[in-house]
Ligand code: IPE
Ligand code: IPE
Ligand code: MG
């Protein structure tokens, strides 16, 4: 299925966001505030993921995309990086069966070549096992960067179109890592920072942005409802005037 692009056509503006993308930030500060090691915040963060996945299923969200590890997060202390990798493995071991039982499809998006072979295998197996599920698609962005995504898509586009002089957005979009999903309707960042941190640079062109000071481990289904309510209070114009939106032209 080809989804309408927000820059080349006017997409739908569904009242329940069809696709929510979240930068789950603030785990470390959540822990530090409690005099705990930073990694305790990451452990709590996994619980928050579980609750938000469930809440999205209940609310009829079709795509949930979670930024779990950025291409820049390798800059962190080695012990934090290896703890995060371990947490990823144990979360996959524990959660994939439950997701499958709940008709949830799992995708892991990013440059996976940098992960060790065991983790790459687990990811491939989890994706294969849940590929036919249709209730909610959960995409976990791991070693993901928006610039990496645009560059890898550009290389593929050029390889797929030899001799073409003028490339268009519509030629690039199918090669982006998340071409299987519509562009996010709602972007949420927890943890108080108001920046994109190299997340979905291309795909966020017309997403509604929502920032909250809540640290990710404290982000609850009620917090999600507050974000959705904010989204619902906005007029998505996609370049048009308010009058045109009202007349649906
Ligand atoms: C987000 O929380 C999780 C990852 C980046 C893996 P942080 O670890 O960035 O938490 P803060 O921002 O330091 O509080
Ligand atoms: C963004 O959070 C990446 C993830 C949540 C995985 P960071 O904590 O890494 O972002 P910066 O460094 O504050 O911009
Ligand atoms: Mg952070």
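Here the spin labels are modelled as points 7 Å beyond Cα on the Cα-Cβ line, and at residue 234 and residue 76 they lie 2.7 nm apart.
When peptides 119-127, 178-186 are sorted by average Cβ neighbour count within 10 Å, with the highest value leading, the order is 178-186, 119-127. Once C-alpha pairs closer than 8 Å and six or more residues apart are averaged by separation and normalised to the residue number of segment 19-248, the relative contact order reads 28 percent.
Based on C-alpha pairs under 8 angstrom that are at least 6 apart in sequence, segment 1-82 has a relative contact order of 33 percent. Once you have a ≥ b ≥ c as the square roots of the Cα gyration tensor eigenvalues for segment 1-72, tell me rounded if a/c is under 1.5, and otherwise prolate or oblate according to whether a/b is larger than b/c. It is prolate, given that a/c is not under 1.5 and a/b is the larger ratio. Stretching the chain fully between residue 100 and residue 7 yields a gain of 30.0 nm (0.36 nm per residue, less the alpha carbon separation). When each of 211, 238, 88 is scored by the number of other beta-carbon atoms lying within 10 Å, the sequence from fewest to most is 238, 211, 88. Classify segment 47-135: rounded, prolate or oblate, from the alpha-carbon gyration tensor (a ≥ b ≥ c, eigenvalue square roots; a/c under 1.5 rounded; otherwise prolate if a/b is larger than b/c)? Prolate, since a/c reaches 1.5 and a/b exceeds b/c. Take the Cα of residue 225, go 7 Å toward its beta carbon, and the backbone nitrogen atoms of segment 40-71 under 12 Å from that spot belong to 59. The sum of -39500 (n - 2.57) across all DSSP H runs of n ≥ 4, divided by the residue count of the chain, sets its helix-only mean residue ellipticity at 222 nm to -13000 deg cm²/dmol. A crude spin-label estimate for the pair residue 135 and residue 89, with each label 7 Å from Cα along the Cβ direction, gives 2.9 nm. Extension gain for the segment residue 150 to residue 16, taken as residue separation times 0.36 nm less the Cα-Cα distance, is 45.4 nm to one decimal.
Read-outs: derived from the displayed coordinates by stated rules, not from any lab. All values derive from a computational prediction rather than experimental measurement. All Cβ positions, even for glycine, are placed from backbone atoms using ideal geometry, and neighbour counts span all protein chains on display.
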